[in-house]
Amino acid sequence: MPPLPTPRHGLGASTVGNRIFVFGGGTKTGGNASTALHEVLVLPTDEPMPKSFTI
């Protein structure tokens, strides 16, 4: 699995189909403010996402 573009800790994550959505979290240790970043990791699959799915 490839790394996400932004390393962080204390984040939230959710999956939909072959996508992992990662949001929030701190980019540095030691109590810095959380980030508003939202990144999506798309995993390879042979099955397409449903046509009704939108981001």
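Read the figures in this text as sums done on the coordinates, not as results from a lab. Everything numeric in this text was worked out from a predicted model, so none of it was measured. A quick note on method: Cβ atoms are made from the backbone with ideal geometry, for glycine too, and the neighbour counts reach across all protein chains shown.
Working note: Karplus 6.51/-1.76/1.60 with θ = phi - 60° gives the stretch 12-26 the couplings x, 8, 8, 10, 9, x, 9, 10, 10, 9, 10, 9, x, x, x Hz, where Gly and Pro are set to x.
Quick check on the stretch 1-40: take the gyration tensor over C-alpha atoms, sort the square-rooted eigenvalues as a ≥ b ≥ c, and tell me if it's rounded (a/c under 1.5), prolate or oblate. Here the stretch 1-40 falls in the prolate category. Seen from His38, the other residues with C-beta closer than 14 Å to its C-beta sum to a net charge of +1, counting Lys and Arg as +1 and Asp and Glu as -1.
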